[in-house]
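The values are calculated or read from the model by the stated rules, or taken from the named source; none is laboratory data. These numbers were taken from a predicted model, which means no experiment stands behind them. Glycine gets a Cβ as well: all are built from the backbone with ideal geometry, and neighbour counts include every protein chain shown. Keep in mind that these areas ignore ligands, DNA and RNA; they rest on the heavy atoms of the full protein, side chains included. Shrake-Rupley method; radii C 1.70, N 1.55, O 1.52, S 1.80 Å.
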Number of protein chains: 2
Amino acid sequence: MTTKKIFLKEDEIPRQWYNLAADLPSPLQPPLGPDGNPITPDMLAPVFPMNLIEQEVSPERWIDIPEEVLEILYRWRPSPLRRAVYLEQHLETPARIYYKDESLSPPGSHKPNTAVTQAWYNKQFGIERLTTETGAGQWGSALAFACKLLGLECKVYMVRISFDQKPFRKLMMQTWGANCVSSPSNETQAGRDILEKMPDTSGSLGIAISEAIEAAVSDETGKTRYSLGSVLNHVMLHQTIIGLEVKKQLELIGERTPDIVIGCAGGGSNFAGLAFPFVYDKINGAEIEIIPTEPEACPTMTRAHFAYDHGDTARMTPLLPMHSLGHTFVPPPIHAGGLRYHGMAPLVSQGIVEGLLKPRAYHQLKCYESSLLWAQTEGTITAPETSHAIACAIDEAIKAKEEGKEKVILFNYSGHGLMDLTGYESYLNGELTDYSLPDEELEKYQDALKDLPKPEIKKTGRW
Amino acid sequence: MTTKKIFLKEDEIPRQWYNLAADLPSPLQPPLGPDGNPITPDMLAPVFPMNLIEQEVSPERWIDIPEEVLEILYRWRPSPLRRAVYLEQHLETPARIYYKDESLSPPGSHKPNTAVTQAWYNKQFGIERLTTETGAGQWGSALAFACKLLGLECKVYMVRISFDQKPFRKLMMQTWGANCVSSPSNETQAGRDILEKMPDTSGSLGIAISEAIEAAVSDETGKTRYSLGSVLNHVMLHQTIIGLEVKKQLELIGERTPDIVIGCAGGGSNFAGLAFPFVYDKINGAEIEIIPTEPEACPTMTRAHFAYDHGDTARMTPLLPMHSLGHTFVPPPIHAGGLRYHGMAPLVSQGIVEGLLKPRAYHQLKCYESSLLWAQTEGTITAPETSHAIACAIDEAIKAKEEGKEKVILFNYSGHGLMDLTGYESYLNGELTDYSLPDEELEKYQDALKDLPKPEIKKTGRW
């Protein structure tokens, strides 16, 4: 019998997060304010609580996870590491395929790892209400869940196309007591401006972020802050518990360090959570291929410049050094709503620039085909975002077969697709098509970045 | 730190099922054929494979679980036993509340325990195609999943109201390659007959069972059989792995035998799965209160006679000795579709008659109120069926507080409610009402049973 599930006990959970910023070959470029100068922690204070800002700029390699946060994480962590033996058999691959199952959290994805952590830090800081945006709804439901557990109010701006496609996500948020509205909304200046210009827009994460930040900073009581589910350093940090657990789990069964590590990347957090602890190994000499995957329809990592850009459409965020399609880019309405973002986490972006990460883009149809094969072998129904990791894992397993190599492949099973079945319906009915961003359109958006400052990476070491 | 999750390793899984029929104080009454005489195994052969019929009539107390079935169950079993510490804290109860989490299987409920087992036995017997009915959709998706894993075809007749209310369930079945139609359908004589008489019917499990059996027995190749997700002895048997795992899990943490064991009961299988191993203890002298719960709108156990009745509307099944509202009863369209069944498993029914089980009925609004409290304390969203167990567990925890007693309460968390969020929406919008079956209507249906044979229970022992 092959072991299919590897569990850790609660007292085996990692007790520190890993901060890749401490180990990047060149220093991380700072966020810039409207004047082009690096912003100071104080300038972020209206948006985030100071304890999270300290994490955001921390140079420490290891950061302690507070005991009270661990107590909340124990509700569903440590999560199982599973081996995809049925997929292996189907593919007749000599590869061993492992996946970290983040779909078992109550909201159904990896997102609560940082949601409960951020809610806890905000509460410690005296905050009573959080605002946020959500794409596919995974993040919004995770923050709704977290706020309910911590006794905070929660307001979610949900990208219109997902709001319409995924009514169940809104109901989840309501069940956990959150207030969820379609974005662009009439509740903020940013939303009203967009609606005036583009009344039929399907919305975007960039727009929804503008709305959520505006709603936070305009609350005069000072008790509201904004919470972001990806992109920022402290979010990546909180997710590293995923990869750190995997290391213990692989050790437990005597498995070697993976040859290939894969995660889908929208803003970058589930990828980073799994991969960064292995990037550490790679920096220290291990031979690992580390692959963030994205949609061809929104090719941030594979086709966009590494540039300074805003995280949101209304340019309320500081300029971040990242791969960006341009803050005015509105991605086509593919089903992987969580991957429809114009930017990419600075830590992931710099990892690409430094050659530590090798991004890859996949078409929607191939991803659904992979999901269906997954459902019919491994038996579970995956989120459309996660299918971008599965497609890559399958490719790599087939390659291992062709090469006759017994590779170890690891990917992050970031969420289940039980709220995303309309996408499966469209696929099964043959209604989906593939879409590649035309070069001329890409250039148009990229041109908008020309007048902004350029990040400089001073490479050191062998990368 | 209180342990919130208790896991078993794969090699600690129970290797035998428990058959309550071996221990009931009086012998189980046989099913009867159309002539009023006990039916023989041969008469069931067009409907079920002989290996399952042998289990159905087995007098053995312990029945080995085949190794190959265990291999399939390992995909998600053993399932965790959890302690509801947050609910306990909220209720300020001295009770310790445990729940067996059956929601983590790929289809999201306890149903796959018997689905994969039945599919395996059918395949062993040379069967190539299974038909079935489904109410809420939990069973249909479980059998679709099981058939895909075993390489069988699957056809599901889904009760119309659920088919309309829960399109995602149908999509799950399609993702696993099954063919799912709304029942009553035009595909069977039984369906056409009902549609002619009641074109606007919301459907019922009784009707859908008639359709599925007709579709199985009318296949002339002889390679199709019917599969039932509850009611029958062999289904109860397969589910006892739930309670047997719980016993090992309680022992692992040094917890005593529960004072109170609770499960919701539609056909009886999730209740039986958790409770029967504890009924064994009760028969052997343990003081345990064992409570199957049901909706006030479909009060099979609490208000209907113990009688011989058909399991389906078109009277295709044998007469079974059970509590029954009458095979023509069409329950009101409450959201707990899995509890909308006119009958109850003979083993559960006889347990009630013998005084081993004490059924209780709950109104829909109280169940949703309990679900919401559960979501906002324990953090997960439960199936409307399961909420009938949670409502009872909360009642018992409050009673323990009033009595100042440190009781141990155990219930079966039979499934998640992620596909059932429209019910939550109706509840949150104040659109739901409670419904009690009027006495005169109950009597009308019960009168139909008068001309059928009466089961005789020859009680023995102290029950």
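Please arrange B:Glu211, B:Glu128 by accessible surface area, largest first, computed with a 1.4 Å probe and ligands excluded. Intermediate values should be presented prior to the final figure.
On the way: B:Glu211 0, B:Glu128 105 Å².
Largest accessible area first, the list is B:Glu128, B:Glu211.
Identify unpaired cysteines across the protein assembly as shown, taking unpaired to mean no other cysteine Cβ lies under 4.7 Å from the residue's Cβ.
A:Cys180, A:Cys264, A:Cys298, A:Cys367, A:Cys392, B:Cys180, B:Cys264, B:Cys298, B:Cys367, B:Cys392
What is the Cα centroid distance between the range A:286-355 and the range A:415-433, reported in whole angstrom?
Value for the Cα centre distance between the two parts: 24 Å.
Identify, among B:Gly229, B:Val85, B:Gly430, the residue whose Cα sits farthest towards the positive end of the charge dipole of chain B, taking +1 on the Cβ of Lys and Arg and -1 on the Cβ of Asp and Glu, with the dipole about the Cα centre.
Farthest along the dipole direction, towards plus: B:Val85.
What area, in nm² and to one decimal, does the C-alpha convex hull of the range B:300-413 cast on average over all directions?
8.3 nm²
List the distances, in nm and shortest first, from the label point of B:Glu369 to the matching label points in every other copy, placing each point 7 Å from Cα along the Cα-to-Cβ direction.
List, nearest first: 5.4 nm.
Below 23 Å, Cα to Cα, which lysines can A:Lys197 reach? Residues fewer than 8 away in the same chain don't count.
Correct list for A:Lys197: A:Lys444.
Suppose R0 equals 35 Å. What FRET efficiency, 1/(1 + (r/R0)^6) with r the Cβ-Cβ distance, do B:Leu252 and A:Trp62 give to the nearest 0.05? Provide the component values of the computation, followed by the final result.
Details: r = 33 Å, r/R0 = 0.94.
Calculated transfer efficiency: 0.60.
Just to confirm the numbers: B:Pro34, label point 7 angstrom along the Cα-Cβ line, distances to the other copies in nm, shortest first?
Those separations, rounded to one decimal, come out as 8.5 nm.
A:Thr377: accessible area at probe 1.4 Å, nearest 10 Å²?
10 Å²
If the label for A:Gln89 sits 7 angstrom from Cα along the Cα-to-Cβ line, what are its distances to the same label in every other copy, in nm to one decimal, shortest first?
4.3
Calculate for chain B the 222 nm mean residue ellipticity that helices alone would give, adding -39,500 (n - 2.57) per DSSP H run of length 4 or more and normalising by residue count, nearest 500 deg cm²/dmol.
Working: 19 runs with 182 residues, N = 463.
So the calculated ellipticity at 222 nm is -11500 deg cm²/dmol.
What percentage of the solvent-accessible surface of the range B:75-181, computed with a 1.4 Å probe over protein heavy atoms, is contributed by carbon and sulfur atoms? Don't jump to the answer; show the numbers that get you there.
Details: 1090 of 2530 Å².
Looking at the range B:75-181 in its full context, I get 43 percent from C and S.
If eta is 1.002 mPa s and T is 20 °C, what Stokes-Einstein diffusion coefficient results for the range B:1-124, Kirkwood Rh from Cα pairs, in µm²/s? Could the numbers behind the result be given before it?
Details: Rh = 17.7 Å.
In µm²/s, the coefficient is 121.
Taking R0 as 56 Å, what FRET efficiency do you get between B:Lys197 and A:Thr328 from their Cβ-Cβ distance, rounded to the nearest 0.05?
On the way: r = 61 Å, r/R0 = 1.09.
Result of the calculation: an efficiency of 0.40.
Can you give the net charge of the other residues whose Cβ lies under 11 Å from the Cβ of B:Phe329, counting K and R as +1 and D and E as -1?
With Lys, Arg at +1 and Asp, Glu at -1, the neighbours total 0.
If we restrict to alpha carbons, what Rg and Dmax does chain B come to, in Å?
20.4, 64
Please list the non-local residues whose amide H lies under 5 Å from the amide H of A:Ile262, H modeled 1.01 Å from N, same-chain partners needing a gap of 5 or more.
Residues meeting the criterion, in which the H sits 1.01 Å from N, are A:Ile291, A:Leu410, A:Phe411, A:Asn412.
Taking the Cα atoms of the range B:212-260, report the difference between the largest and smallest coordinate on each principal axis, in whole Å and largest first.
Ordered largest first, the range B:212-260 gives principal extents of 55, 19, 12 Å.
Which of the helices in chain A, when you take each full DSSP H run, stretch at least 15 Å along the axis at their Cα atoms and have an average Kyte-Doolittle score of -1.0 or higher? If you can, show how the numbers build up before the last one.
On the way: long enough: A:112-124 (17 Å, -1.18); A:138-150 (18 Å, 0.97); A:205-217 (18 Å, 1.58); A:241-252 (16 Å, 0.49); A:269-283 (20 Å, 0.63); A:364-377 (20 Å, -0.23); A:387-403 (24 Å, -0.05).
Helices meeting the criterion: A:138-150, A:205-217, A:241-252, A:269-283, A:364-377, A:387-403.
Hey, can you rank B:150-157, B:283-290 by average C-beta count inside 10 Å, highest first?
Values: B:150-157: 22.9, B:283-290: 14.0.
Per-residue mean Cβ counts within 10 Å order the peptides as B:150-157, B:283-290.
How about A:Lys450: which aspartates and glutamates have a C-alpha closer than 13 Å to its C-alpha, ignoring those fewer than 8 places off in the same chain?
The qualifying aspartates and glutamates are A:Asp309.
Using only Cα atoms, what Kirkwood radius does the range B:35-99 have, in angstroms? Provide the component values of the computation, followed by the final result.
Values: mean 1/r = 0.0608 Å⁻¹.
Computed over Cα pairs of the range B:35-99, the Kirkwood hydrodynamic radius comes out at 16.4 Å.
Considering amide H positions built from the backbone, and no H for Pro or chain starts, which residues 5 or more places from A:Gln16, or on another chain, come under 5 Å of its amide H?
The answer is A:Ile65.
Check A:Ala314: other-chain or 5+ apart residues with amide H under 5 Å from its amide H, H built from backbone geometry?
Long-range HN contacts for A:Ala314: A:Ser210.
In Å and whole numbers, how far do the C-alpha atoms of the range B:361-463 stretch along each principal axis, longest first?
49, 38, 25
Chains B and A: what accessible area do they bury, summed, in square angstrom to the nearest 100, with a 1.4 Å probe?
Working: alone 17340 and 17340 Å², together 30790 Å².
Result for this pair: about 3900 Å² buried.
With the convex hull built on the Cα atoms of the protein assembly as shown, state its orientation-averaged projected area in nm².
Numbers: hull surface 148.5 nm².
Computed as one quarter of the Cα hull surface, the answer is 37.1 nm².
Using a probe radius of 1.4 Å on heavy atoms only, what accessible surface per residue do you get for chain B? Whole Å² is fine.
Working: 15390 Å² over 463 residues.
In whole numbers, chain B has 33 Å² accessible per residue.
Starting at the first residue of the range A:409-418, write each ³J(HN,Hα) from the Karplus equation 6.51 cos²θ - 1.76 cosθ + 1.60 with θ = phi - 60°, in whole Hz, x for Gly and Pro.
With the stated coefficients, the range A:409-418 comes to 10, 10, 9, 9, 8, 6, x, 8, x, 5 Hz.
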